[in-house]
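Everything below concerns the one structure shown next.
The values are calculated or read from the model by the stated rules, or taken from the named source; none is laboratory data. Keep in mind that what you see is a predicted model, and the values were worked out from it rather than measured. Here Cβ is always computed from backbone atoms with ideal geometry, including for glycine, and neighbour counts include all displayed protein chains. Heads up: the accessible areas ignore ligands, DNA and RNA and are worked out on the full protein's heavy atoms, side chains in. Shrake-Rupley method; radii C 1.70, N 1.55, O 1.52, S 1.80 Å.
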Amino acid sequence: MLAALGSSMAGPWLPGCASPEPLLRVATNVWPGYETLYLARSLGRYDPHRVRLIEMPSNTESLRALAAGTIEGAALTLDEMLSARADGIDLVAILVFDVSNGADALMARRHIPNLAALAGQRIAVEQTAVGALMLDAVLRAGRLTPNQVRPVFLTVERHLAAYDAGEVDAVVTFEPVLSELANRGAVRLFDSRQLPGAIVDVLALQRGALHERPLAVRQLLAGHFQALGHLQQNPLDAARRMAPRLRLSPAAILQSYQGLQQPDLSANRAWLGGDQARLPQSAAQLQPLMLRAKLLEHPVPLDQLCEAIWLPAANEVLA
């Protein structure tokens with residue numbers, strides 16, 4: 001289990017110690033896997049003159065901000081990172097936040113008892129590779145063809161409103177929307193436990209920003225692992241700090257983490273570093289789906305997709 005980081009990087013930032021690096025701006029939407037960054041900020045691990053977290057309504061908005069150059073990095077799903085690279089944004093994955101293990105799901109109204117009963121129903125889903133992956137798996141599990149359902153393409157911030165307005169019958173979505181739908185009586189019919197290792201969230205930064213802001217990058221990652229250790233050692237305190245942003249009770253927040261695998265430092269090295277790095281392998285499996293779904297027009301080179309060199313050294317993490 002991760003505990004406090006042992007270097008000065010782990011302690012609260014000290015005014016007067018900041019170097020004249022440009023500010024590092026990193027965007028996220030609301031998702032439990034990304035919340036360690038905000039927990040780190042709550043714990044005082046980030047110098048606000050060095051690292052700024054920017055909240056976005058969806059990862060679609062984060063991608064637009066990356067394209068506009070108003071941020072240097074974003075928390076994204078792997079498919080979103082590939083799409084950005086296809087658009088000419090030279091992103092590098094420097095952290096794997098999580099691997100979905102039930103935190104992405106299809107929720108349906110109670111009158112839909114099983115996946116086969118989705119025939120003819122309206123299904124809200126994001127127009128992303130994760131959405132396509134989940135919907136494809138749902139259809140296969142229900143022995144349905146794509147023309148037997150009615151996809152309604154909506155970004156995640158519109159899922160609850162569409163459900164409440166009766167515009168959709170089922171929703172492919174993720175936490176915290178899953179818990180909100182469950183509170184409304186929706187039933188979980190399928191989730192990412194049936195797609196092990198397929199849905200990965202990463203922290204992706206523009207390559208130039210890594211070399212222009214190295215101290216900020218290292219502070220950002222150190223804070224994540226510090227917060228991950230706090231979540232593991234002091235879950236109730238961590239959940240209370242997270243509750244206002246996630247708009248869930250502390251108990252519901254801790255329950256949402258049951259659907260996520262959060263790689264520790266050692267696992268991150270396996271995902272990001274070496275000849276057998278897992279992230280490029282996952283990307284190679286994801287690309288064909290994205291091409292078939294027309295989310296990519298052409299294959300994206302996967303060399304230099306990720307770097308492990310920005311992760312804290314092993315001696316900076318106490319066992």
Q.
For a test of the definition: using alpha carbon positions, the gyration tensor, and the 1.5 limit on a/c, classify the stretch 241-311 as rounded, prolate or oblate.
A. oblate
Q. Full extension from residue 264 to residue 291: what is 0.36 nm times the residue separation minus their Cα-Cα distance, to one decimal in nm?
A. 6.6 nm
Q | Inter-label distance for residue 147 and residue 212, nm, one decimal - labels placed 7 Å from Cα along Cα-to-Cβ | A | 5.1 nm
Q. Under 19 Å from a point 7 Å along the Cα-to-Cβ line of residue 251: which residues of the stretch 210-239 have their amide N that close?
A. 235-239
(Q) At 7 Å along Cα-to-Cβ for each site, give me the label-to-label distance between residue 284 and residue 49 in nm. (A) 4.6 nm
Q: Report the paramagnetic label zone for residue 188: residues of the stretch 28-45 whose backbone N is under 16 Å from a point 7 Å from Cα along the Cα-to-Cβ axis.
A: 32-33
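For 224, 211, 49, give the ranking by accessible area with the largest first, probe 1.4 Å. Display every interim value, and only then the final one.
Values: 224 0, 211 120, 49 140 Å².
Descending accessible area places them as 49, 211, 224.
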Q: Using percent of Cα pairs over 31 Å apart as the read-out, say which of (1) 33; (2) 29; (3) 57 was calculated from these coordinates.
A: (2)
Q) When the label point is put 7 Å from the Cα of residue 68 along its Cα-to-beta-carbon vector, which residues of the stretch 24-48 have a backbone N closer than 12 Å? A) none
